[in-house]
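The values are calculated or read from the model by the stated rules, or taken from the named source; none is laboratory data. This one's a predicted model, so the numbers in the text were calculated from it and none came from an experiment. Counting neighbours? That spans all protein chains shown, and the Cβs are built from the backbone with ideal geometry, glycine included. Note: accessible area is taken over every heavy atom of the protein model, side chains too, but ligands, DNA and RNA are not part of it. Shrake-Rupley method; radii C 1.70, N 1.55, O 1.52, S 1.80 Å.
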Amino acid sequence: MYEIMNADEAIRLIRDGDCICVNSFVGIENPVELHEAIYRRYQRMQSPRHLTIISSAGFGVWDEEHNAEGYIREGAVDRLICGHFGAMLSTKKLVLEDRFEAYNLPLGCISHAIRAQAGGLPGALSKVGLDIFVDPRKEGPGINRISIDDSLVKHVEVDGEEFLYYKLPKITVALIKGTAADRKGNISFDDMFMSGDALSICQAVKANRGKVIVQVDRLVDTPSRPRNAIIPGCLVDAIVVAEPEERNEAYKALTGSFEIPYEDWSMWNEKIDTVSSKQTKNSVVGNIIGRRAAKELRVDDIVNIGIGIPEMVSRHTRKNGMLDMVTLTVESGGIGGFPVSGEVFGAMIGASSVYDMANQFDLYDNGGLDICFMGALEVDKEGNVNAHRGTGAFAGIGGFANITAKTPTVVFCMTFNTKGLEVSQKKGVVTIHKEGSVPKFVDSVGSISFSAKRAIANGQKVLYVTERCVFRLTPKGLKLIEVYPGVDMERDILGRLPFEVEK
């Protein structure tokens, strides 16, 4: 039977050595009060310690002084297993300093492994991850030198087919953020941007005889409608009421609490961008790339658009009138709306449906998307892509590996080089005023996020769209298929590549 507690009381349920699973998505829907209470207790008692924390999409609030950053920095955590570290500003730096073990697995594979554990299975099989960094025959999931646990990902063969087998430690504590708890302890998510893996996490914890702690905005007398009760009260041990900060009207629009017709999507997106501290940049190169990439869309396509330069695809899809002819999706579970970016990445304007994250990755893993638009840090002569790890910096693979593994058409949106690149375009003619000092086409990528060999075997169409040209993946490597007006093929493209390409 659940109990109503304050945050400090609830955190006493956590023991040294526990494995905590946090239901959040990059920077949204974090149970901040619970994390702050852990930090207070750790400062006072040096407990709980030796913690393992698992999160499919990572947990952070883009602020190194809040959420879990403090107690991670001071040594309460021995091991992190996450799909993405982007919103965890100090933690992702400490990872590279070997301060604790840290592992990066594809977001969807963590989500599916949690669901497997909820069903009494030790792990989950997946084709996702084969021949990229997480494959133990390549690098494995360890991010730093002390992360050598080889039990998390194994290469296996079943019925003559190869898979990766993802296995997580037994989850013993759930930290969840919900909207309301009714008098039976049922948890609804009505005012949330998503529900993520909440139910699977709770089921896994109870299967392991652990504790479920839920932070909610309020208590309500009227029981939730059964379909709206994402977590049944019988799975909950502690409910913590923490009055939420007042949300700007723009953010309230993302909860689905009122309908946003298609013709208003652009207006609401501009409102959100205005109040966000991480505003979308409107760059010349981004516009060139986004406009060209958007031409690959077809009516009725089911689509995923990545963050960064790929976001310009959605802007130009709106401009060319295709936006209401395709279905956009986001990894957190939203489908049929318009994904927003910045600090609330994972939320959607006007979503038709928001379901469990594991179900979204079922769609992605089985080739349910028609096309995706993703970013890239590096591309090599074979067409392999590094999108998750730069020199001295690390964000994580997120859903990238799942999204690109089986989607029929994959479009990488990237600049030809970076750091100092200056480009203009007038009347369709591209002028390169200054080249960037850091090349993005290299002999060999530093780490593989996308396997060209695997894509060729799968029969996928793969394009690399830049601000000056377009390449296509072939069995022989890259083929130059398009040069924009104003660009000199030899001087601006071929002469700047460290390898030869087909023409």
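Summary table below
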read-out	value
Inter-label distance for residue 243 and residue 221, nm, one decimal - labels placed 7 Å from Cα along Cα-to-Cβ	2.0
Neighbourhood net charge (15 Å Cβ-Cβ; Lys/Arg +1, Asp/Glu -1) for residue 165	-3
Coil-residue trypsin sites (Lys or Arg not before Pro) of the range 104-177, DSSP, other Cβ within 10 Å capped at 12	137, 145
Distance (nanometres) between label positions extended 7 Å along Cα→Cβ at residue 3 and residue 353	4.1
DSSP-loop GluC sites (Glu not before Pro) across the range 2-86, with at most 13 other Cβ within 10 angstrom	65, 74
Zone residues, the range 119-133, relative to residue 457, backbone N less than 16 Å from point 7 Å out along Cα-to-Cβ	126-133
Cα-centred dipole magnitude for the range 23-126, charges only on beta-carbon of K, R (+1) and D, E (-1), debye, nearest 20	280
Pairwise FRET efficiency - residue 488 versus residue 145, Cβ, R0 = 56 Å, nearest 0.05	0.80
Carbon/sulfur fraction of accessible area - the range 356-492, other protein chains in place, 1.4 Å, %	49
Residue-count net charge about residue 212 - beta-carbon cut-off 12 Å; Lys, Arg +1, Asp, Glu -1	+1
Förster-model FRET efficiency, 51 Å R0, residue 121 and residue 431, C-beta, rounded to 0.05	0.35
Charge dipole (debye, nearest 20) of the range 55-112; +1 at Cβ of Lys and Arg, -1 at Cβ of Asp and Glu	200
Paramagnetic reach from residue 15 (point 7 Å along Cα→Cβ, amide N under 20 Å) across the range 130-169	169
Förster radius 22 Å - calculated FRET efficiency between residue 96 and residue 170, Cβ distance, rounded to 0.05	0.20
Helical contribution to [θ] at 222 nm, DSSP H n ≥ 4, -39,500 (n - 2.57), averaged over the chain, rounded to 500	-6000 deg cm²/dmol
Low-density loop cleavage sites - chymotrypsin sites (Phe, Trp or Tyr not before Pro) in the range 420-502, where at most 16 other Cβ are within 10 Å (DSSP)	499
Total formal charge among the other residues, if their Cβ is under 15 angstrom from that of residue 457, Lys/Arg +1 and Asp/Glu -1	+1
Magnitude of the charge dipole, the range 331-484, Cβ model with Lys/Arg +1 and Asp/Glu -1, debye to 20	640
Within the accessible area of the range 104-167 (1.4 Å probe), percent carbon and sulfur	50
Extension reserve of the residue 299-residue 183 stretch, reckoned as 0.36 nm per residue once the Cα distance is removed	37.1 nm
The chain, accessible area per residue, ligands and nucleic acids excluded (1.4 Å, Å²)	41
